[in-house]
Every structure is written in structure tokens, then in C-alpha cells.
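Quick notes on the structure that follows.
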Amino acid sequence: MKIIASNFKTNHTRQSTNEFINDINKFLKDENIKNDIYIFPPSTALDNFDTVSNLCIGTQNAFYVKDGPYTGEIGHSHLDEFDIKTILIGHSERRHILDETQKTVSLKFNYFKALGYKIIYCVGEPLDIKNQGLSQTLGYIQEQFDGIDLSYKDMIVAYEPVWAIGTGVSCGLDDIATIHKKLAKKTTAPLLYGGSVKLDNIKDIINIPNVDGVLIGTASWHKDDFKKIIENCI
Ligand code: PGA
């Protein structure tokens, strides 16, 4: 059984999210698909969705509070309202564009861990580190585990090289295999690959040893493409 996760990022409205989730839910039911599917809509589109048990809706982000004076943020009371218990933490766009430090990422991780959330925890190296070689890459990823409990039972780890995200250029299959083998030695958490996963590479990627699933941005934003990707993981 594989895990297929869609990260909407700053795409889809409340209305189109609703249509997307209902359509995917019907598809999973009609086709009797057993893979675990995750969808991460933008915060404004979170809601109570009536879904099959293998379709989980999560949040792309939240601050490590229940509520309070944190302009622009949401806390876990806003997630409780919709019974959301799944969160993405450490995504490269939050680290590198929104300037989240490892300290912030680990505070979030530990806060939501204490609440028993399912955490999809993202790591991955930028291009200049990749170009320095494997040991630099592994060292960089190791630092992204600072303050993170790798034995947390409700954790999924996503390896997403920064240079492969949203670029159309996926990581080579051998490189994915190498990194995932190393990660599998560190944790028993399921391991996802993310970074330009699309219809023409999904079959190859999903069959790499130690790849338990994928985290997809761009290629998952159209429901028909996402359905085709899911079909290719059966
Ligand atoms: P991408 O994004 O599929 O558009 O490369 C992946 C991600 O950011 O999780």
C-alpha cells in the first residue's frame, strides 16, 4: 500500500477545493482504491469533509499555539473546528521562502507531536549542497532532523530536494534510492519522495526500494491528473 499526498500550496479556492475533494473521494470509493491519499488545501479552504477512511485532509501549516495574538497565523483551535489532525512541517518553501529556521520547525514538530498529530516532515537539500556531493547532502539533511523525534509513531518523512521542487526536473532514480536507503536506517517512519513527481515518472519512482509514497505539488492540482497518478500507484 502506497501513500500519495497532494500539496495544493497557494492554489485552489474554497469552492474548487470542495469540488476536488468530493471528486477524489468518489473516485476512491468507486474504484475501491486502498492507497492512503492525503490532500493539503490552503487554510482558507479547510472544512469538515465527509471522506472515505483512506482519504485524509491536512493543513499545510499552523503556528505552535492553540490561539492568541499571532497576526496572520492559525492555531490548533482552528484545526480542531474541522477535526484536522494532520500537518505538513518543514516544507522547503516554508524553510527557504518564508524563512522558517530549524528551531521554528522543531518547535512546531514538538507542539503538534504532543497533540498526537500525524506529521509529514519534509527534508531536502538545495542545489549548492547537492553539488558538493553525497556526504554534504546527508550532513545537510541530518541537520534538518535537529530537535525532531525520529521515533515518533505518527510521522511520515518526505525527502524533497529543493532544486527538484516545482522545476519539472525530478531527482534521478538512483539518487532517490540512495537517500531513501540512508533514511530507512534512521527511522521506521514511511518515506515519501517529492519534487516534480508527475504522470511520466510516477511508476518508476513509486517502485524504488524504501519509497513508500510520494508528495506532489504541481502535477496534483488538476483532479484528472491526480486520479491518473493514483491509478498508476496501484
Ligand atoms: P512539485 O512540488 O511536485 O511541484 O515539485 C512538490 C512539493 O513541494 O511537495
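Just to be sure before I move on: is Lys9 assigned to a loop (DSSP other than H, G, I, E, B), under 25 Å from Glu160 (Cβ atoms), in contact (Cβ under 8 Å) with a residue 24 or more places away in the chain and not aromatic (Phe, Trp, Tyr) in the structure I sent? Against the criterion (assigned to a loop (DSSP other than H, G, I, E, B), under 25 Å from Glu160 (Cβ atoms), in contact (Cβ under 8 Å) with a residue 24 or more places away in the chain and not aromatic (Phe, Trp, Tyr)), Lys9 qualifies. Kindly check whether there is at least one residue in segment 185-201 that is more than 15 Å from the ligand (Cβ to nearest atom), part of a helix (DSSP H, G or I) and either small (Gly, Ala, Ser) or under 30 Å from Tyr111 (Cβ atoms) (or both). Yes, some residue in segment 185-201 is more than 15 Å from the ligand (Cβ to nearest atom), part of a helix (DSSP H, G or I) and either small (Gly, Ala, Ser) or under 30 Å from Tyr111 (Cβ atoms) (or both).
Would it be correct to say that Ala189 is out of contact with any His (no Cβ under 9 Å at 6 or more places or on another chain), under 19 Å from Ile37 (Cα atoms) and surrounded by fewer than 22 Cβ atoms within 10 Å (Cβ to Cβ)? So Ala189 passes the test. Do you know which residues across segment 138-163 are closer than 15 Å to Glu125 by Cβ and aromatic (Phe, Trp, Tyr)? Residues satisfying the conditions are Tyr140, Phe145, Tyr159, Trp163. The C-beta contact set for segment 145-167 (first residue under 13 Å from Lys130 (Cβ atoms), second residue within 10 Å of the ligand (Cβ to nearest atom) and among the acidic types (Asp, Glu), distance under 7 angstrom, 6+ apart or interchain) is empty. Each residue in segment 29-53 was checked for being more than 16 Å from the ligand (Cβ to nearest atom), farther than 19 Å from Val197 by Cβ and in contact (Cβ under 8 Å) with a residue 12 or more places away in the chain, and 13 of them qualify. Each residue in segment 53-75 was checked for being part of a loop (DSSP other than H, G, I, E, B), of a type in the set (A, V, I, L, M) and crowded, with 16+ Cβ neighbours inside 10 Å, and 2 of them qualify. Does at least one position in segment 130-151 carry a residue that is under 24 Å from Asn11 (Cβ atoms) and modelled with pLDDT of 95 or more? The answer is no, given that none of the residues of segment 130-151 is under 24 Å from Asn11 (Cβ atoms) and modelled with pLDDT of 95 or more.
Taken as a whole, segment 217-231 holds no residue that is within 15 Å of the ligand (Cβ to nearest atom) and farther than 28 Å from Glu19 by Cα.
The residues listed here are Asp23, Asp83; of these, the one that is in contact (Cβ under 8 Å) with a residue 60 or more places away in the chain, farther than 25 Å from Gly195 by Cβ and over 16 Å from the mean Cα position of the chain (by Cα) is Asp23. Per this entry, Ile234 is counted among residues that are closer than 27 Å to Asn22 by Cβ and in a loop (DSSP other than H, G, I, E, B).
The values are calculated or read from the model by the stated rules, or taken from the named source; none is laboratory data. Predicted model only: the values in this text are computed from it and were never measured. Counting neighbours? That spans all protein chains shown, and the Cβs are built from the backbone with ideal geometry, glycine included.
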